[in-house]
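See below for the structure under consideration.
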Amino acid sequence: MSNTYRKAIAFAVVAVCLALPIRASAQELSKEATDKAAAEARAKRNAQTFELNASTIVFYDRTGKRIGGPLGERAMYQGAIISPDGSRVAVVKADLPNESADVFVLDIKSGAITRITTSARTEFVQAPIWSPDGSKVAYVAMRKGQEGIYMRPASGQGAEELVWKNPGAFIFLSDWSTDGKTLSFTFSDMKGGTLYTLPLAGAPDRKATEITKTELQLFGSRFSPDGRFLAYTVVDKTNKGEIFVRPADPAASGGPWQVSDGAIGIPFWRRDGKELYFLARDRSVTVVDVTTAPSFSFTNRRVLFKTQGAVPEIVRAISADGERFLVVPPPRGPQLQQLTIFDRTGSVLQKIGEPGLYSQPSFSPDGTRLLVVKNDIQSAQADYWTIELASGTPTRLTNDTFGKQAALWSPDGKHIYYSSFRNGDFPIYRRLSDGTGGEEFVFQYTPGAFLGPSDISPDGKWLICDAGGYLITVPLAGDAKSRKEVETLRDEFLNTIGRLSPDGTFMAYRSDEAQPERGEIYVRPFKASSAETGDGKWRLSKDGVVAMLHWRADGKEVFWRGLNLESNDLNVISVEVTTSPTFSVGTPKQLFKLPGPIAGNLGNISRDGQRFVFAVNVSAPAPTTAPR
Amino acid sequence: MIRRILIAFAFALVPLAHQVMAHHNMTAIFDFNDRVTVTGTLSKVDWRNPHIYLTVDVKSAGGAMETWQAEGPSPTWFRIRDIGKDDFANSMGKSFEIELSRARDKTPMGLIRTITLPGGRVVSACPQNC
């Protein structure tokens, strides 16, 4: 048999398989082969995650001058904290293959690495702190499903000691008092936050003491060096963080005192108790002069330094002498995004404006405007803007600190719909796309449950939403508060990104039906009268799908971002389909590939399927420093 | 689990990221500090996203029957661990033990921490639900 003939047969088999309303082809493989493929895919995904997130550690001095590093091998670091004598760093490193995380101690001078914990698969450690004499490291660990505070010698020798068994979960261990007698930790969830201290005397039945409880989230409690006060971070219901100080004794009077005017991260005291540091919202390292006797007071809030450039780095820890500031630089250096439009071959058609901190670009239905999320470092906000493609004129749509995602244009282009993260919920709002007027509440689903819009029916009557693994449809007519959702597609599989055909008769969606941890595109009939799916199902993709699901305006082509396990490059796939008289599907083909990493989202593709817009990463100038 | 690690990593950076960790509804509905172990007969399995639900009929100390509803991870979570709907469906009508984080409103409902199937197999939903 000739190669050409073989290819023709293979082509035909693939085409037939793809056209049939089938169950997953992966089910036809042996379990051993399926498991092996899944393990290989997982390993590749882990490698990509590592490549995107791994970095090292560097240090700055009080003037913002880089004085040390890189420290440590490239890794996914979290929770770094400098030892009291400033010679070492305790830090958590993720182990993606083991699905775990462990504490390590890095010697700043020699670079020597000492492993402190060894977690079992799926167990992890977080929030390390140092004992005041630097001989031990305490941390929060999940052990056999039970969270607790543990400690171990910083030499890595000796057994792990359970300090306190947490009856719940998600505590954030923050500090060890200078006299060595007390730990502080916080617990925050949607009900609010609580600050605790834990006396180390009285083992094994140590009892945590509640210091304060609020409706807001709080964390990062740090003892003043004399142990009389605790500084901590509170995040209010509009997502704004502030630093507060209060007595460590719950019976003591006075406070809390707000020492910041907008803050991110946790506070740090200088060891003489005369300075308190935190990161302002614009990432500048800020200091206040403080006294703790006879009571707490503060003056002279000022900026110490901020790394300059378009993307200032984030200081994560500060030494006890206030001289060393720890930073984990972004893995690929500072990055901005250039909004760029490509044609169907991946050639650049247009660059829009200057590079900035952009994400989620989305074409308006008439293709004349873009909707984008623009990050503002100064205000620590991410807001929606539109940009006129012909003139480059930007128009601001939102101006708030709430998280936002999954924005959609209405079919007539007059509104945008988006999910906004507020007080633990994901209500959906809409507002006019010309920037006038306020936002209008659209829908609230189960409290606390994720909800992201994925499409609006062509007649504007239905809003399709991803409810965290299944698809619901919300009627847009009537009073917003009385709207009742329809469960359009809810089964045992992870179904996301519901997208209606331009004639509204079919719904394409992503599902892990064929193989867990891997999505493929399927199409089902959609009943516009009831928002339910009809009989029949067709699989469109064969090699995995990530995002960007889109129908061409004439309903004859469907696009998506293909799964790429070999690199972070973005590959755009399309397939020809017909929706009338019956549904049929051709063979998927790659349109083009772009060097990654590039995020893909709904709205990347113009309605006519001729233009593709992405926020392409470009290197920003490396940080320099600006003294106070 | 990887998602939790990544979220935990983001959590350490800025307070805004902590909101992300707290977005799921589990801590709003269930009290992780209030745990209960119930033993009863499995009477219903709802095997759908985003969470499975098991219904267990439990005889109380006073002899009255009480119906408990237990929320678990997603079917996909079980699929990845080689546990299928049949593992539960085959246990219908049999004795069943579940450790739960109890609902805050004290109704007979909870978030599954561990399940002991009739054959003795223990299925742990930790660290996902712990």
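Please tell me which of these pairs span more than 25 angstrom C-alpha to C-alpha: A:Lys181/A:Lys274; A:Lys44/A:Lys144; A:Lys191/B:Lys106? Violating the 25 Å Cα-Cα cut-off are A:Lys44/A:Lys144. Across peptide A:232-240, the average count of Cβ atoms from other chains found within 10 Å of a residue's Cβ is 2. Extents of the stretch A:257-378, largest first, come to 69, 27, 17 Å (Cα atoms, principal axes, whole angstrom).
Going by a ≥ b ≥ c, the root eigenvalues of the Cα gyration tensor, does the stretch A:382-486 fall in the rounded group (a/c under 1.5), the prolate group (a/b larger than b/c) or the oblate group? Don't skip to the answer; put the middle values down first.
Details: a/c = 1.92, a/b = 1.43, b/c = 1.35.
Prolate, since a/c reaches 1.5 and a/b exceeds b/c.
With angles folded into 0 to 90 degrees, how steeply does helix A:31-53 sit against the dominant principal axis of chain A? Use alpha carbons for both and round to 10. Helix A:31-53 sits at roughly 60 degrees to that axis. The alpha carbon convex hull volume per residue for the stretch A:216-261 rounds to 73 Å³. Dividing the convex hull volume of the alpha-carbon atoms in the stretch A:307-415 by its residue count gives 143 Å³ per residue. Expressed as a fraction of 2.2 N^0.38 Å, the value expected for a compact globular protein of N residues, the C-alpha radius of gyration of the stretch A:143-293 is 1.06.
Projected over all directions and averaged, the alpha-carbon convex hull of the protein assembly as shown occupies 36.2 nm².
For the stretch A:460-508, the share of alpha carbon pairs falling in successive 10 Å distance bins from zero is 26, 51, 22, 1 percent. Listed values for the stretch B:75-89 are Karplus-derived 3J(HN,Hα) couplings in whole Hz (6.51 cos²θ - 1.76 cosθ + 1.60, θ = phi - 60°), namely x, 4, 4, 6, 4, 4, 9, 6, 10, x, 4, 4, 4, 8, 4, and x replaces Gly and Pro.
Applying a threshold of 24 Å to the alpha-carbon distances of A:Lys240/A:Lys351; A:Lys484/A:Lys527; A:Lys93/A:Lys306; A:Lys165/B:Lys59; A:Lys240/A:Lys306; A:Lys537/B:Lys44 flags A:Lys240/A:Lys351; A:Lys93/A:Lys306; A:Lys165/B:Lys59; A:Lys537/B:Lys44 as lying beyond it.
Would you work out if the stretch A:93-169 is rounded, prolate or oblate? Take a ≥ b ≥ c from the square roots of the eigenvalues of the alpha-carbon gyration tensor; rounded if a/c is under 1.5, else prolate when a/b is larger than b/c, oblate otherwise. Cα axes put the stretch A:93-169 in the oblate bin.
Expressed as a whole percent, the proportion of Cα-Cα pairs in the stretch A:38-154 lying more than 16 Å apart is 62%.
Dividing the Cα radius of gyration of the stretch A:58-112 by 2.2 N^0.38 Å, with N the residue count, gives 1.22. Once the Cα atoms are used to define both axes, helix A:3-19 deviates from the longest principal axis of chain A by about 80 degrees.
Kindly state, as a whole number, the per residue volume in cubic angstrom of the convex hull around the alpha carbon atoms of the stretch A:434-486. Each step should come with its number before you reach the end.
Values: hull volume 5.9 nm³, N = 53.
Cα convex hull per residue, to the nearest whole number: 111 Å³.
Select from the stretch A:131-174 those trypsin sites (Lys or Arg not before Pro) which occupy a DSSP coil region and have at most 16 other Cβ atoms within 10 Å, ordered by residue number.
Answer by residue number: A:Lys144.
Each label was represented as a point 7 Å from its Cα along the Cα-to-Cβ direction; for A:Trp257 and A:Ser529 these points are 7.1 nm apart. Our compactness index for the stretch A:358-405, the C-alpha radius of gyration over the empirical 2.2 N^0.38 Å, is 1.14. For the segment A:139-151, counting C-beta atoms of other chains within 10 Å of every residue's C-beta and taking the mean gives 2.
For the stretch A:123-249, calculate the relative contact order in percent as a whole number, restricting contacts to Cα pairs under 8 Å that are 6 or more residues apart. Can you show the working numbers first?
Working: 321 pairs, mean separation 20.2, N = 127.
Relative contact order here is 16 percent.
Summarising the amide proton neighbourhood of A:Phe526: residues at separation of 5 or more, or on other chains, whose placed amide H is nearer than 5 Å comprise A:Phe506, A:Met507, A:Gly534.
Mind running the shape call on the stretch A:240-296? Use the C-alpha gyration tensor, a ≥ b ≥ c as the square roots of the eigenvalues: rounded below 1.5 for a/c, prolate if a/b tops b/c, oblate otherwise. Oblate, because a/c is 1.5 or more while a/b does not exceed b/c.
None of the figures in this text is laboratory data; all of them are computed from the coordinates on show. Quick caveat: nothing in here was measured; it's all calculated off a predicted structure. Neighbour counts are summed over all protein chains in view; Cβ atoms, including those assigned to glycine, are modelled from backbone coordinates with ideal geometry.
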